[in-house]
Amino acid sequence: MCINFFVFFFIRADYWKSQPRKFCQYCKCWIHIYFQCLQSIEFHERGKNHKENVAAKISEIKKKSVDKAKQERRMCKQFAAMEEAAMKAYEEDLKRMEMEARGGRSNEEEEEGDTF
């Protein structure tokens, strides 16, 4: 028994080296690459589960882009409505300031002046 331990102890490598692995972002799992051969990666990518996960990810990206486009259109409409309201208020202010510059009083000022 002691001889087996010493043989194992002296035969092993001087440092620990892990097996190379690749992370699949669609399946959220690690793929072990044995003997630096890419067959295990190809085998995983040909699998049914991986293909379903890729299809789900693509549909999720498509749905997000459609939702983002809808939100951008809705925001454009809201900004256009705000700009229209601001332009209308600006034109009313210009008219009021033009009347004041001529020396005329606005309707509100005339009503207040009549109370004296």
**Asked** Between Cys37, Met82, Cys27, whose Cα lies farthest towards the positive end of the dipole of segment 18-103 when Lys and Arg beta carbons carry +1 and Asp and Glu beta carbons carry -1, centred on the Cα centre?
**Response** Cys37
**Complete:** For segment 18-103 (alpha-carbon point model, no solvent) the Debye-based log₁₀ I(q)/I(0) at q = 0.12, 0.14, 0.17 Å⁻¹ works out to -0.63, -0.72, -0.83
**Potential extension, Cys76-Trp30 segment - 0.36 nm per residue separation minus Cα distance** = 12.2 nm
**Asked** Taking the Cβ of Trp30 as the center, what net charge do the other residues with Cβ under 12 Å away carry, scoring Lys and Arg +1 and Asp and Glu -1?
**Response** +3
**Request:** May I ask for the net charge around Tyr90, where only other residues with Cβ less than 12 Å from the Cβ of Tyr90 are counted and Lys, Arg are +1 while Asp, Glu are -1?
**Result:** -2
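Laboratory data are not the source of any read-out in this text; all were calculated from the coordinates shown. The structure displayed is predicted, hence computed values, not measured ones. As a convention, Cβ positions derive from the backbone with ideal geometry for all residues, glycine included, and neighbour counts pool all protein chains shown.
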